[in-house]
Amino acid sequence: MSVTNHAKALFEIAKERNKTDILTYHFEDFKHAMDIHPEWVKLMDSPMLTLPEKIQKIDALEYDVLFLSFLKMLATKNQMHLYLDIFHEWVYLSRIDQKIAHLHIYAAKPISDALEARLKKAIAPRFPNQTISFHITIDPDLIGGLKVVYQGQSLDRSVARELEELYTTI
């Protein structure tokens, strides 16, 4: 089963049981814990532990039963290492379900609240009936301007890109 299918299956079950919020919280907490303790994931994929030992370690976690069942399924298939890819797909599915357009903004310097509001107003017509959410990353390589990325597509209005275009036309 692919990462996308794992995420979709978990998301659909969570929606049926009205648990998307709690599973999102638990998934984020689990991801944060694994960022701190990546050796746990390796241990759960290792043949050094028997399946009952893996299940016992998962049962010791304080998460919703549905999320624990998901982790047990990954442990059974020795696919715990896929949790991060599944998490990213989960976030994507949850944003679609909640009608959130999440855009990644790259800027050369911090963006003021006024500029962020103007950006949202300018971008809003492209995303009708959706809430716009920004993730802003400061990228000093841009020199100036902005680069907006949404689902792999980008609008690059940076000074660096403008200079590159000018260079190629000369």
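Below is a table of values for the structure above.
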| item | result |
| --- | --- |
| Magnitude of the charge dipole, segment 15-170, Cβ model with Lys/Arg +1 and Asp/Glu -1, debye to 20 | 480 |
| Folded to 0 to 90 degrees: helix 159-169 orientation relative to the chain principal axis, Cα | 60 |
| The chain: angle of helix 3-16 to the longest principal axis, Cα-based, in degrees nearest 10 | 80 |
| Exposure rank, largest accessible area first [HIS135, HIS32, HIS104, HIS6; 1.4 Å] | HIS32, HIS135, HIS104, HIS6 |
| Accessible area of LYS109 in the full protein assembly, 1.4 Å probe (Å², nearest 10) | 150 |
| Rounded to 10°, Cα long-axis angle of helix 20-36 versus longest principal axis of the chain | 90 |
| Over 18 Å (Cα to Cα) - which of LYS15/LYS99; LYS8/LYS120; LYS15/LYS42; LYS31/LYS57 fall in this group | LYS8/LYS120; LYS15/LYS42 |
| Heavy-atom accessible surface of segment 1-121: percent carbon and sulfur, 1.4 Å | 55 |
| Cα-based radius of gyration of the chain once divided by 2.2 N^0.38 Å, which approximates compact folds | 1.33 |
| Accessible-area value, ILE36, 1.4 Å probe, nucleic acids and ligands omitted, Å² | 100 |
| Probe 1.4 Å - accessible area at GLU28, Å² to nearest ten | 90 |
| Segment 16-83 - convex hull of alpha carbons, volume per residue in Å³ | 82 |
| The chain, accessible area per residue, ligands and nucleic acids excluded (1.4 Å, Å²) | 64 |
| Listed residues ARG118, ARG95 arranged by accessible area, highest first, probe 1.4 Å | ARG118, ARG95 |
| Segment 1-64 - charge dipole about Cα centre, Lys and Arg +1 at Cβ, Asp and Glu -1, debye rounded to 20 | 220 |
| Of every Cα-Cα pair in segment 45-119, the percent that sits beyond 18 Å | 59 |
| Gain upon complete extension [ASP35, ILE136; 0.36 nm per residue less C-alpha separation] | 34.2 nm |
| Selection from SER133, TYR83, ALA107, by position along the positive dipole direction of segment 75-170 (Cβ) | SER133 |
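The values are calculated or read from the model by the stated rules, or taken from the named source; none is laboratory data. Values in this document were obtained by computation on a predicted structure and should not be read as measured data. Methodologically, a virtual Cβ is constructed for each residue, glycine included, from the backbone with ideal geometry; neighbour enumeration extends over all protein chains shown. The protein model used for the area step is the full one, side chains on, heavy atoms only, and it has no ligands, DNA or RNA in it. Shrake-Rupley method; radii C 1.70, N 1.55, O 1.52, S 1.80 Å.
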